[in-house]
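Notes for the one structure printed next.
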Amino acid sequence: MNSEEKKWIEVGASDQIEVEDLIRFDHEGKTYCVYHLEDGYYATDGICTHEAVHLEEGLVMDDEIECPMHQGIFNIKTGKAMGPPVCIDLKTYQVKVEDNKIFIEI
Amino acid sequence: MTNNLDYQIIILGGGQSAAHAATTIRQYDSESSIAIVTNESYLPYERPPLSKKFLLNEVEIDEFLFFNEEHYKNLKIDILKNEEIKNVNFEKNLIESNNNKISYNKLLIATGCKNRTLNLENVDQKDLFYLRDINESTKIKNKFNSSENILIIGGGFIGLEIASSAKQLGKNVNVVELADNLMGRIVPKEISTIVRKKHEENGVDIHLRTNITSIKKNTDNYTIQLSNNASVICNMIIVGIGALPNVEIFDNTALKIDNGIITNQYNKTSIENVFAAGDVSNFYHPLYEENIRLESWKHAQNHGVSAGKNIVGQKTEYSEVPWMWSDQYNLNLQLTGRCDEYDSLVKRGKDENDGIIYFFMKNNQVFGACGVGIGGKIAKDIRIAGILSDKKIKVAESDLSDSSIKLNKLLKNI
């Protein structure tokens, strides 16, 4: 398997995401979503595994993100697909905050 | 030759509810034999692409199946295709089709809807085009190859989505609608006007408050006279005037039917061990305290899931807030809850670029909402409106109308 080494990439200031909200982050042709939940920051792939729709317009509630297109729901922390129409989990990424800046490991 | 088959659970109909019900049953019950019995020749497939991406030749059926062949095989779900049901005998738990006699212990009816048909002078029914299944969509697609001029009768969601696709294929399109507005009585006038203008900008001729006065059949087209004095030449006529539940095979049985199969909140019909789901079911909705029948994607899916659970004895009350969408050009229109009754209307957003939503208010609560926006603009707020209505949260109209207030804050008003 061709595994490239992961890198920490800066997303931006941590205060730009309100609690229970997300921002979209594009990097090297890929889209990610970075979330601010009650207990910290999280990151997942930015595209729904069901029909390739951007999750950025989706609703964040508790620990879940709901796709705006068909209301498929994923757990933000684990990426788990919670039921139809989604059945493939969302990929998740490590997040850290240093000096009020968010980094994700991709 | 007729075969005698025997299954513990039979699902009649091979659409979205059927696919999800069968899959759900298997999650709880690894033993019972299950079959989906359908008159179609395909595995259960998505219907939204039939008026859009499939018509535009952007996708093939393999790309919009709910689940592939492997899925049903792995879950030991048999799919009996091309089954024309002749008779259902509820006393004997027996279904008779053109091919088989199939007995069951438990039956789920998910036969969906059929097109409301229109009789037109000088036109054979077989020469009219309708859109409900993949065969009909394929027929329209094939006829598009030799048709430049299209007449669509009915300015509802189906007719308008076909108009949008036909226009994207470069056709000349006329839409004839009897009512004052597109998309029926429920969609607020401002929103239906935005949609009408979008069609007109794209070159579709919309004829509101208009009827067909006469049709003359020529060698390879029709000359159609409209009541607004317009005259239209077209190569094909597509009719989208609504749907009726598929229940005629149950005529003269004990099954209680009134605008669909009467079903309680647990998917149960009036007959023991017979359940119903999806478009065909007129079900008791606990939130509204009355029976409603829905024709929508999300409902077909989740009502099927609910039926699956109830069939295996996982008692599940179905009380989902209705939600549906329609995509036309780059516009996405969505409806949630109920927009048929209200004390007042509250508007949020100024135009389709921002997203514009009308909230239907009853007793200081959101009863329903309808919005339109470019792409996914309104999706989140419509979803929140659905949650507000489901949880019967009291909200101030001034909060709803103020676009600077994020609606998810109102969810904390519990």
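The values are calculated or read from the model by the stated rules, or taken from the named source; none is laboratory data. Quick caveat: nothing in here was measured; it's all calculated off a predicted structure. With ideal geometry, Cβ positions are generated from the backbone for all residues, glycine too; neighbour counts draw on all protein chains shown.
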Next on the checklist: Could you list, ordered by first residue, the pairs with Cβ atoms under 6 Å in which the first is in the stretch B:164-192 and under 16 Å from B:Asn332 (Cβ atoms) and the second is modelled with pLDDT of 95 or more and charged (D, E, K, R), at least 6 apart or interchain?
Outcome noted: B:Leu182/B:Arg196
Checklist outcome for this item: All-but-one check, B:Ser404 against (1) within 13 Å of chain A (Cβ to nearest Cβ); (2) within 25 Å of A:Glu20 (Cα to Cα), failing number (1)
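Which strands (runs of 3 or more DSSP E) does the stretch A:25-106 wholly contain that include 1 or more residues that are away from every other protein chain (no Cβ under 11 Å)?
Details: elements: A:30-37, A:40-45, A:59-61, A:64-66, A:73-75, A:95-98, A:101-105.
In the stretch A:25-106, the matching strands (runs of 3 or more DSSP E) lie at A:30-37, A:40-45, A:64-66, A:73-75, A:95-98, A:101-105.
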Next on the checklist: I'd like the residue in the stretch A:3-24 that is part of a loop (DSSP other than H, G, I, E, B) and loosely packed, with under 14 Cβ neighbours inside 10 Å and, out of all such residues, is nearest to the other protein chains (Cβ to nearest Cβ).
Outcome noted: A:Glu18
Checklist entry - Does the stretch B:16-53 hold any residues that are within 22 Å of B:Met324 (Cβ to Cβ) and away from chain A (no Cβ under 14 Å), and which are they? => result B:Leu50, B:Ser51
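Can you tell me which residue in the stretch B:338-383 is nearest to A:Glu57 (Cα to Cα), limited to those that are β-branched (Val, Ile, Thr) and surrounded by fewer than 24 Cβ atoms within 10 Å (Cβ to Cβ)? Please lay out each step first, then the result.
If we filter the stretch B:338-383 for residues that are β-branched (Val, Ile, Thr), which is where we start, we get B:346, B:356-357, B:366, B:372, B:374, B:378, B:382.
Still in the list and also surrounded by fewer than 24 Cβ atoms within 10 Å (Cβ to Cβ): B:346, B:356, B:374.
Values: B:Val346: 22, B:Ile356: 15, B:Ile374: 12 Å.
Restricting to residues being β-branched (Val, Ile, Thr) and surrounded by fewer than 24 Cβ atoms within 10 Å (Cβ to Cβ), the top hit is B:Ile374.
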Checklist entry - Can you tell me how many residues in the stretch B:95-146 are buried (at least 17 other Cβ atoms within 10 Å of the Cβ), of a type in the set (Ser, Thr, Tyr) and under 23 Å from the mean Cα position of the chain (by Cα)? => result 3
Checklist entry - How many residues are within 21 Å of B:Cys370 (Cβ to Cβ) and among the aromatic types (Phe, Trp, Tyr) when one looks only at the stretch B:276-324? => result 3
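Against the condition in contact with a strand residue (DSSP E or B) (Cβ under 7 Å, 6 or more places away or on another chain), basic (Lys, Arg) and at pLDDT below 95, how does B:Lys86 come out, does it pass?
Here the answer is no, as B:Lys86 does not meet what is asked.
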Checklist entry - Failed condition for B:Leu182, given (1) surrounded by fewer than 15 Cβ atoms within 10 Å (Cβ to Cβ); (2) part of a loop (DSSP other than H, G, I, E, B), with all others met? => result (1)
Checklist entry - Could we say that A:Glu64 is among the acidic types (Asp, Glu), without any contact (Cβ under 8 Å) to a residue 40 or more places away in the chain, surrounded by 15 or more Cβ atoms within 10 Å (Cβ to Cβ) and more than 27 Å from B:Pro49 (Cα to Cα) here? => result yes
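Kindly state which strands (runs of 3 or more DSSP E) lie completely within the stretch B:1-106 and contain at least 2 residues that are in contact with an Asp or Glu (Cβ under 9 Å, 6 or more places away or on another chain). Write out each step before concluding.
On the way: elements: B:3-12, B:34-37, B:77-80, B:85-89, B:94-97.
By residue number, B:3-12, B:34-37, B:85-89, B:94-97.
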